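Step one of this worksheet: look at the structure below.
The values are calculated or read from the model by the stated rules, or taken from the named source; none is laboratory data. Quantities reported herein were computed from a predicted structural model and do not represent experimental measurements. Backbone-built Cβ (ideal geometry, glycine too); neighbour counts: all protein chains shown. Areas reflect the complete protein model, heavy atoms only, side chains present, ligands, DNA and RNA absent. Shrake-Rupley method; radii C 1.70, N 1.55, O 1.52, S 1.80 Å.
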Amino acid sequence: LVLLDRERCIQCARCTRFADEIAGDPLITFVDRGDHTQVLNFPDQPFSSYFSGNTVQICPVGALTSKSYRFRARPWDLSTVETSCTSCAVQCRGALQSSSNRLVRFLGVDSDAVNHGWLCDKGRYGFEYVHAEARVRSPRIKGVDMTWPQALDAAADVLRRTREMHGVSTIAMIGGARGTNEDAYVWARLMKGVVGTDNVDAQLGDGLPADAVLGLPRAQIDDLDTAAAIVLLAPDLKDELPVLFLRAKRAATDLGVPLIDCSAAPHGLTPYASHRLPTGPGESAVVARKLAAALGGAPSGDTAIDAAADAARERGGHVVVILGRPSLAERADAVLAAASALRDAGDVRFLSALRRGNVHGALEAGLAPGVLPGRVSLDAGRDHFTAAWGAVPDAPGLDTAGILEAAAAGRIQVLVLLGADPLADFPDTDLARRALAGARRVIAVDTFLTSSSQKADIVLPAAAYAEKAGTTTNLEGRVTTLTQKVTPAGTRRPAWMIAAGLARALGAALGIESVEHLTATLAEQVEAFAGITPDALASSPDGIVAGAPAGVSGLDTAGAGVAERNAYDYRLVVTRTLYDQAVGTAKSPSLAHLADPACLHMHPLDIERSSVVAGADVKLVSSRGSVVLRVEPDDRVVRGTVWVPFNHPGPNIGELIDSQAAVTDVRVENI
């Protein structure tokens with residue numbers, strides 16, 4: 001992604017020091033001597049750092065240039081706005097630049113509270129999909145282009161007839177985590193207040209229940225710098241939340257914060273961990289209970305755990321737990337039980353490691369079953385939102401897994417996909433496929449025709465990043481502004497406007513005047529957003545942290561136990577990587593070629609025990625099916641487990657995952 005004009009280089013070492021000291025990727029260095037000294041990468045090792053674009057931005061003489069921006073514009077010809085990146089839930093602040101209504105560059109802005117000026121390369125170059133030719137430009141019904149009034153009337157008629165004939169329990173919606181807070185709020189009001197269904201979920205079965213995300217005591221990113229210890233119960237932050245990885249790495253290496261790593265798969269922070277507690281799939285709760293006891297001063301009986309707890313107590317202060325699903329091939333039960341144990345261990349705060357850009361804003365706005373905007377349950381918020389909306393659902397509905405199971409069984413008549421692609425994004429591919437086939441009608445609101453929206457009866461084209469304004473909420477609850485920079489091509493509309501149009505077609509005008517009016521409505525009606533008005537945000541460039549968690553609490557830790565593993569099987573670990581086949585990556589030319597083919601990672605001793613040959617194709621078999629993958633030796637993988645990245649080119653590992661199983665066990669066979 002980076003090119004070098006050596007005649008400009010003044011050998012200041014900014015780029016090499018950043019790559020080594022900040023990113024931890026010493027892939028470029030000075031070579032040769034005297035007047036032949038130059039910056040160069042190592043033979044057969046490209047500058048493949050996830051953070052390589054930062055070296056372009058900090059180069060003082062323009063010797064390092066971005067391949068995608070090089071020779072495209074002069075800085076003084078560009079129009080610039082400050083906004084937030086929504087490629088992940090960290091939401092780094094940046095400066096978005098355009099020329100002739102086309103986005104050309106995104107630069108990091110120094111937000112002390114969040115990103116310190118750094119961006120990952122996915123965030124820096126991922127805006128390119130906005131101008132992809134494959135974007136949906138106009139509404140479609142059964143593949144035929146229609147006008148907006150025709151499409152909205154048709155979608156409203158489907159919802160109305162279904163509600164009257166089959167009841168609201170047969171209507172469901174998945175998605176909403178990639179829009180703005182305003183988008184999420186209007187869709188929550190449409191589905192829960194107008195349509196009347198609580199079968200709504202912004203997550204795709206790969207996160208944590210809303211109760212856990214909204215109810216646990218929450219840390220801020222800055223808390224990493226002063227923590228007594230950082231406990232990792234999450235997937236690889238370098239791949240899923242890259243700039244949070246930089247902040248955790250800095251805390252561990254520069255500020256002396258003990259980093260306690262409880263992962264089962266190889267990840268970027270492992271080299272910087274002061275204490276390594278290898279945790280197999282489904283075993284998070286066991287390790288967490290021992291660690292919680294040790295933090296309280298009771299010996300756990302495990303030397304490594306006691307040493308980690310001693311280091312935390314010696315430093316003093318609060319413990320920050322970065323909490324997420326360690327593997328897509330296991331349910332959330334064990335990690336919820338782990339969170340419950342650690343929460344009761346004293347001064348412990350949590351940062352949720354959910355990856356989608358505005359998943360926290362969507363949950364705050366009520367796009368989860370049993371939840372209303374502002375982290376309140378249906379019962380706690382019933383009176384307030386009945387007065388504001390006219391009605392709320394009577395009982396909690398289904399989450400994404402429950403919705404898909406009901407659809408597969410024929411109990412969902414209408415499935416709305418709000419920027420969601422279950423066929424590519426839900427871990428259990430077989431269930432997603434049966435659900436899309438079982439739903440009687442599918443309405444998709446999306447920017448592209450994805451594998452799921454291609455099956456929709458009605459497709460409503462949505463405005464994308466930089467084509468709409470609003471606010472978003474990051475993983476620490478920080479609300480920041482998104483700025484519209486370009487005008488959408490075709491007749492695409494912001495998601496909130498589509499929801500308002502559907503409500504109007506259903507006979508319920510919502511009285512929305514503008515996105516600023518929506519932001520003010522959130523501040524007025526939702527306690528967690530109190531005081532976060534357009535004026536307050538305008539005077540707070542780093543954003544405003546929403547109110548403390550209230551109302552929703554409690555962790556369901558039932559079913560956290562895991563059966564013994566058969567000696568002939570391996571526990572499957574599946575995690576995401578920064579570059580995969582997601583639409584935003586695949587449609588951004590700078591990033592599309594960076595997703596590696598899927599392969600099976602095994603410990604060398606396990607390869608030897610299984611009598612397979614490193615580099616050869618093997619068959620991976622689970623109770624769901626089988627796939628053929630190339631096996632690669634990887635001594636970072638915990639013995640008895642195998643690791644496969646999710647949604648990469650090649651065989652689909654989702655074919656093996658059973659979303660109902662606590663863990664997924666697989667057998668490795670020669671072909």
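Key figures
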quantity: Chain lengthening between residue 315 and residue 387 when straightened (0.36 nm per residue, less Cα-Cα); calculated: 21.0 nm
quantity: Net charge contributed by nearby residues that have their C-beta within less than 12 Å of residue 521 (K/R +1, D/E -1); calculated: -3
quantity: ³J(HN,Hα), Karplus 6.51/-1.76/1.60, whole Hz, each residue of region 351-363, x for Gly, Pro; calculated: 10, 7, 9, 9, 8, 5, x, 10, 5, 5, x, 5, 5
quantity: Percent antiparallel among DSSP beta bridges (both partners in region 562-670, rounded to 5); calculated: 60
quantity: DSSP-defined beta bridges in the chain - what % are antiparallel, rounded to 5; calculated: 55
quantity: Per residue value of the accessible surface for the chain (all protein chains in place, 1.4 Å probe), Å²; calculated: 37
quantity: Fully extended contour minus Cα-Cα distance, from residue 65 to residue 160, at 0.36 nm per residue; calculated: 28.7 nm
quantity: CD proxy at 222 nm, helix term only [per DSSP H run n ≥ 4: -39500 (n - 2.57); per residue of the chain; nearest 500]; calculated: -7500 deg cm²/dmol
quantity: Net charge dipole size for the chain [Lys, Arg +1 and Asp, Glu -1 on Cβ; Debye, nearest 20]; calculated: 1480
quantity: Listed residue pairs exceeding 20 Å between alpha carbons, taken from 238/619; 192/455; 142/455; calculated: 238/619; 192/455
quantity: Charge dipole magnitude, Cβ of K and R +1, D and E -1 - region 220-275, Cα centre, debye nearest 20; calculated: 120
quantity: Contact order relative to length of the chain, as percent, for alpha carbon pairs under 8 angstrom and 6 or more apart; calculated: 17
quantity: With every protein chain in place, region 596-671: carbon and sulfur % of accessible area (1.4 Å); calculated: 49
quantity: For residue 398, residues with placed amide H under 5 Å, excluding near neighbours; calculated: 199, 200
quantity: Distant-in-sequence amide H partners of residue 175 (H built 1.01 Å from N, under 5 Å); calculated: 201, 202, 203, 418
quantity: Anchor residue 587: lysines whose Cα lies under 17 Å away (excluding residues fewer than 8 positions away in-chain); calculated: 67, 122
quantity: Gained length - residue 609 relative to residue 145, 0.36 nm times residue gap less alpha-carbon distance; calculated: 161.3 nm
quantity: Surrounding net charge for residue 57, when Lys and Arg each add one and Asp and Glu each subtract one, Cβ distance under 13 Å; calculated: +1
quantity: FRET efficiency estimate (nearest 0.05) - Cβ-Cβ, residue 6 to residue 304, R0 45 angstrom; calculated: 0.40
quantity: Solvent exposure ordering (accessible area, 1.4 Å, most first) of 67, 122; calculated: 67, 122
quantity: Karplus-derived HN-Hα couplings along region 28-34 (A = 6.51, B = -1.76, C = 1.60, θ = phi - 60°), whole Hz, x at Gly and Pro; calculated: 10, 7, 7, 10, 6, 9, x
quantity: Accessible carbon and sulfur surface of region 155-210 relative to its total accessible area, %, 1.4 Å; calculated: 49
quantity: Environment charge of residue 195, counting only residues whose C-beta is closer than 11 Å and scoring Lys/Arg +1, Asp/Glu -1; calculated: +3
quantity: Förster radius 60 Å - calculated FRET efficiency between residue 82 and residue 564 (Cβ-Cβ, nearest 0.05); calculated: 0.65
quantity: Separation of alpha-carbon centers, region 109-184 and region 500-519, rounded to whole Å; calculated: 16
quantity: ³J(HN,Hα), Karplus 6.51/-1.76/1.60, whole Hz, each residue of region 596-607, x for Gly, Pro; calculated: 6, x, 5, 8, 9, 9, 10, 5, x, 5, 6, 4
quantity: Residue order for 394, 569, 580, 110 - accessible surface, 1.4 angstrom probe, largest first; calculated: 394, 110, 569, 580
quantity: Along the chain, longest interval not containing exposed chymotrypsin sites (Phe, Trp or Tyr not before Pro), exposed being DSSP loop plus at most 14 other Cβ atoms within 10 Å; calculated: 72-567
quantity: Built amide H within the under 5 Å cut-off of residue 105, gap 5+; calculated: 97
quantity: Positive-end residue, the chain charge dipole about Cα centroid, Cβ charges, pick of 444, 543, 64; calculated: 444
quantity: Percent accessible area from carbon and sulfur atoms, region 29-111, protein chains only, probe 1.4 Å; calculated: 49
quantity: Computed E for residue 254/residue 36 - FRET, C-beta separation, R0 35 angstrom, nearest 0.05; calculated: 0.55
